[in-house]
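**Student:** Encoded as structure tokens, here's the structure I'll be asking about.
The values are calculated or read from the model by the stated rules, or taken from the named source; none is laboratory data. These numbers were taken from a predicted model, which means no experiment stands behind them. Every residue, glycine as well, gets a Cβ built from its backbone with ideal geometry; the counts of neighbours run over all protein chains shown. When the accessible area is computed, the model is the full protein with side chains, heavy atoms only, and any ligands, DNA or RNA have been set aside. Shrake-Rupley method; radii C 1.70, N 1.55, O 1.52, S 1.80 Å.
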Amino acid sequence: MKSVAIKQPNELVIEEREVPQPKSGEVRVKVKLAGICGSDSHIYRGHNPFAKYPRVIGHEFFGVIDAVGEGVDQSRIGERVSVDPVISCGCCYPCSVGRPNVCSSLTVLGVHRDGGFSQYAVVPSKNAYVIPNEIDDEFAVMIEPFTIAANATAQLKPTQNDIALIYGAGPMGLTSVQALKGVYNVKEVIVVDRIDERLAMAKSSGADRTINNTSLSLKDELDKLNIKPTIIIDAACHPSILQEAITIASPAARILIMGFSSDPCQITQQGITSKELSIFSSRLNANKFPIVIDWLNKKLIDPKKLITHRFDYTDVVQAIQTFEKDQKQCCKVLLTFS
């Protein structure tokens with residue numbers, strides 16, 4: 001079989017490997033589609049502190065089970081499945097409180113263990129979620145990105161009375177827009193970005209208002225509109241954002257951070273306590289695949305609005321370069337494997 005492997009930073013090869021055999025409790029997935037995420041690019045460029053090399057990247061993938069290991073029902077062969085990349089121990093403190101996404105011995109497919117940019121991938125049986133026939137293949141491969149929004153909104157508990165502001169109109173910001181509007185019917189969703197084409201994507205995904213903050217003060221703009229957000233999601237992940245979010249937030253607002261910036265961030269404690277703000281962070285997803293599958297079944301979200309490019313896996317370098325460089329037109333890039 002062919003696999004996309006990062007041998008070391010900036011060295012990507014498509015290499016021949018033996019087709020893996022599923023062990024006890026595992027299934028083998030014949031991969032059909034995979035999505036490119038920022039973390040795949042970061043591993044390729046050597047900017048992901050969690051990755052070990054060499055590594056087959058890819059944590060957003062969909063396919064068909066074609067073999068099962070000991071202890072897995074043979075009837076699973078032939079199932080269309082989307083794969084949750086989060087592998088947890090099930091017994092540490094985070095797992096015991098329903099947060100396997102931050103398991104003490106967390107393993108993520110495509111980061112700590114070989115992932116889905118391969119013609120075949122072996123994964124734990126419980127991580128392979130059956131996809132109803134009514135859900136298209138391209139929607140199925142988009143489930144993992146939407147679980148990020150599902151995980152964030154599960155913490156924020158949005159209501160119809162909220163006014164939400166999202167920093168960043170990239171894939172995570174846009175999945176959050178769709179969740180807030182399509183699932184939770186939030187009264188107003190505002191998206192802030194510095195690229196007009198991205199803001200147009202946000203409008204298409206359901207944003208009520210967009211603001212290009214390239215040359216204006218976001219606080220001044222919101223003050224003019226008499227808007228104080230009650231939910232703020234940082235999907236842009238610049239160190240300066242948190243303090244601005246604290247400043248513009250309504251009293252009793254909820255702020256959620258999605259990013260992994262390692263740069264220091266200076267904030268004023270008084271701004272948090274004087275408004276009694278709640279600050280959350282969100283990583284990966286905690287068993288949110290069934291929730292997103294339900295969203296798709298009910299047509300509450302529309303992944304096709306995020307898919308902008310498709311490549312054969314043999315053109316993976318061009319696909320990643322497009323994802324990295326075409327910030328105006330590119331959102332989600334899909335790779336075809338079979």
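**Student:** Any chance you could tell me what percent of the C-alpha pair distances in the chain go past 31 Å?
**Tutor:** 32
**Student:** Oh, and also: Can you give the FRET efficiency to the nearest 0.05 for Ser278 and Val97, using r as the Cβ-Cβ distance and R₀ = 22 Å?
**Tutor:** 0.80
**Student:** So, one more: Please give the charge dipole size of the chain, origin at the Cα centre, charges +1 on K and R Cβ atoms and -1 on D and E Cβ atoms. Round to the nearest 20 debye. Please report the intermediate quantities before stating the final value.
**Tutor:** Values: 37 positive and 37 negative charges, 88 e Å.
Approximately 420 debye in magnitude.
**Student:** Glu26's amide H: which non-local residues (gap 5+, or another chain) put their own amide H closer than 5 Å, with H modeled 1.01 Å from N in plane and none for Pro or chain starts?
**Tutor:** It is Gly69, Glu70, Ser125, by chain and number.
**Student:** What's the extension gain from Asp294 to Ala200 if we count 0.36 nm per residue and subtract their Cα-Cα distance?
**Tutor:** Values: separation 94, 0.36 × 94 = 33.84 nm, distance 2.70 nm.
Additional length available on full extension: 31.1 nm.
**Student:** Between Gln329 and His112, what is 0.36 nm times their sequence separation minus the Cα-Cα distance? Round to one decimal in nm.
**Tutor:** Numbers: separation 217, 0.36 × 217 = 78.12 nm, distance 3.07 nm.
Between Gln329 and His112, full extension yields 75.0 nm more.
**Student:** Once label points are set 7 Å from the Cα along Cα→Cβ at both Ser250 and Lys52, what is their separation, rounded to one decimal in nm?
**Tutor:** For Ser250 paired with Lys52, the spin-label model returns 4.7 nm.
**Student:** Highest mean first, how do 130-139, 262-271 rank when packing is the count of other Cβ atoms within 10 Å averaged over residues?
**Tutor:** So the peptides 130-139, 262-271, ranked by packing, come out 130-139, 262-271.
**Student:** Another question, if that's okay. Note down the relative contact order for the range 237-315 as a percent, whole number, built from C-alpha pairs under 8 angstrom at least six residues apart.
**Tutor:** 29
**Student:** In addition: Non-local amide H neighbours of Ile279 (under 5 Å, H modeled in plane, Pro and chain starts lacking H): which ones?
**Tutor:** Close amide H contacts, sequence-distant or interchain: Ile255.
**Student:** Points 7 angstrom from Cα along the Cβ direction at Ser217 and Asn133: gap in nanometres?
**Tutor:** So the two model labels end up 6.1 nm from each other.
**Student:** Can I ask one more? Which percent of the accessible heavy-atom area of the range 79-217 goes to carbon and sulfur, probe 1.4 angstrom?
**Tutor:** Whole-percent figure for carbon plus sulfur exposure: 49.
**Student:** Please give the contour-minus-distance gain from Phe260 to Val19: 0.36 nm per residue of separation, less the Cα-Cα distance, rounded to one decimal in nm. It would help to have the intermediate numbers written out before the result.
**Tutor:** Working: separation 241, 0.36 × 241 = 86.76 nm, distance 3.40 nm.
Stretched out fully, the Phe260 to Val19 stretch lengthens by 83.4 nm.
**Student:** Taking the Cα centre of the range 62-101 as the origin and placing charges on Cβ (Lys, Arg +1; Asp, Glu -1), which of Val83, Asn101, Val72 is farthest toward the positive end of the dipole?
**Tutor:** So the residue we want is Asn101.
**Student:** When ligands, DNA and RNA are left out and all protein chains stay put, how many square angstrom of accessible area per residue does the chain have with a 1.4 Å probe?
**Tutor:** Working: 14740 Å² over 338 residues.
Here the residues of the chain average 44 Å² of exposed surface.
**Student:** How far is the Cα center of the range 256-302 from the Cα center of the range 86-135, in Å?
**Tutor:** 20
**Student:** What list of ³J(HN,Hα) values in whole Hz, one per residue of the range 2-12 in order, does the Karplus curve 6.51 cos²θ - 1.76 cosθ + 1.60 (θ = phi - 60°) give from phi, with Gly and Pro shown as x?
**Tutor:** 9, 9, 8, 10, 9, 6, 6, x, 6, 10, 10
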